[in-house]
Amino acid sequence: MSVQTEGTDTAGEPAVRKARVPAPPTGDSRAPGGPTRRGAATPYLLLLPALLATVVLLGWPLVKNGMLSFQNLNPRQLIQHLTEWNGVDNYREVLTGGDFWHVVERSVVFTAVNVVLIMALGTLIGLLLARLGKRMRLLLMLGLVLAWAMPVIAATTVYQWLFAQRFGVVNWVLDKLGWHSMADHNWLETQFSTFAVVTLLIVWQSIPFVAVNLYAATTTIPRELYEAASLDGAGAWKSFTSVTLPFLRPFLYATTFLEVIWVFKSFAQIFAMNEGGPNHLTETLPIYAYVEGVGNQHFGLGAAISFLTILVLLAITSYYLRLVLKQEEDEL
């Protein structure tokens, strides 16, 4: 900014300094098509590829599955390339049958038991990681990551070997410890024991995710809060409930939500273990949809069951989210 100075006048008054006001910019950045508008559209443009991939890979199969659920599609229709629309007959057959509701109840109980065990044990191991020294923490995290990285079918095969009737390690160990009746025990013979083995497998696979992420969340808690709680006379439990738990609560809510989805849609572990046996007593909704659709070649019926499975999962997650939001409002 240039400044022009005039000399004093004849009366001896001080000089008056006049500053030149800079001219306003010729272009308006807020004008249509300007940088501001282009910058505001940038996040949406970056999200566009992911949105298109989601629509193509998830949206279109979901639409096709919904259309298929209103058709009578069996091997005859596939061979003759026929399209027979039967309205809501598939849904009526599923909803009026007793098997579907038994499977729904079984799936909900199975999911609840697994999620409770996963969150409880994962939280404890995550807190243990925060307390361990550097070397022990690294060793434990290495074991957790290896368990988490193992493919599902490979892990299921290992558990089949462990709980095999004749040459399983578990039966051999129990026999050596004095339980000789367990030497040839068939773990996949009853509904309870089969679910016990599958639950152990799913919990073992899911704990690393919860534990490692919980440990990562604990590293964000300021140490000054623990020091302040210690100065106030708070013990270990009081520090946990007043400092650690409030910081970890959002993480626990989000992780529980994810675990509900992942456990509810578990397919490979149950099917590879015993194909939903014995006598279809360990079938959950994904297994039930596959058996009715692909196994019995009633593809329209299987599509209807899979679509109802999505609705049941949405109902469960909606109920959980409503409880979480209500609890957060009460805390505020």
How high is the FRET efficiency from residue 190 to residue 101, r the C-beta distance, R0 22 Å, rounded to 0.05?
-> 0.50
If you add up the charges near residue 169, with Lys and Arg at +1 and Asp and Glu at -1, over every other residue whose beta carbon is less than 12 angstrom from its beta carbon, what do you get?
-> +1
Rounded to the nearest whole Å², what accessible area per residue is found for the chain with the 1.4 Å probe?
-> 65 Å²
Restricting attention to the stretch 240-332, which trypsin sites (Lys or Arg not before Pro) occupy a DSSP loop and are surrounded by at most 15 other Cβ atoms within 10 Å?
-> 265
Can you give the relative contact order of the chain as a percent, counting alpha carbon pairs under 8 Å and 6+ residues apart?
-> 22 percent
q = 0.06, 0.08, 0.12 Å⁻¹: log10 I(q)/I(0) that the Debye formula gives for the chain, counting C-alpha atoms only | -0.40, -0.61, -1.09
Over the stretch 190-332, calculate the relative contact order: mean separation of alpha carbon pairs under 8 Å at least 6 apart, over the residue count, as a percent.
-> 23 percent
Please list the helices of the chain that count as membrane-span-like by this rule: a mean Kyte-Doolittle hydropathy of at least -1.0 together with Cα atoms stretching 24 Å or more along the helix axis, each helix being a complete DSSP H run.
-> 35-54, 98-131, 191-218, 245-264, 299-331
Express the carbon and sulfur contribution to the solvent-accessible surface of the stretch 225-270 as a percent, rounded to the nearest whole number, probe 1.4 angstrom.
-> 68 percent
Neighbourhood charge, 13 Å Cβ-Cβ cut-off, centred on residue 271 and excluding it, Lys, Arg +1 and Asp, Glu -1 = -1
Helix-derived [θ] at 222 nm for the chain: sum -39500 (n - 2.57) over DSSP H runs of at least 4, divide by residue count, nearest 500?
-> -21500 deg cm²/dmol
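Give, in nm to one decimal, the length gained when the segment between residue 121 and residue 317 is fully stretched (0.36 nm per residue of separation minus the Cα-Cα distance).
My answer for the length gained is 68.4 nm.
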Highest mean first, what order results for 208-215, 297-304, 224-231 on Cβ atoms within 10 Å?
-> 297-304, 208-215, 224-231
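The values are calculated or read from the model by the stated rules, or taken from the named source; none is laboratory data. These numbers were taken from a predicted model, which means no experiment stands behind them. Reconstructed Cβ throughout: ideal geometry from the backbone, glycine too, with neighbour counts over all protein chains shown. Note: accessible area is taken over every heavy atom of the protein model, side chains too, but ligands, DNA and RNA are not part of it. Shrake-Rupley method; radii C 1.70, N 1.55, O 1.52, S 1.80 Å.
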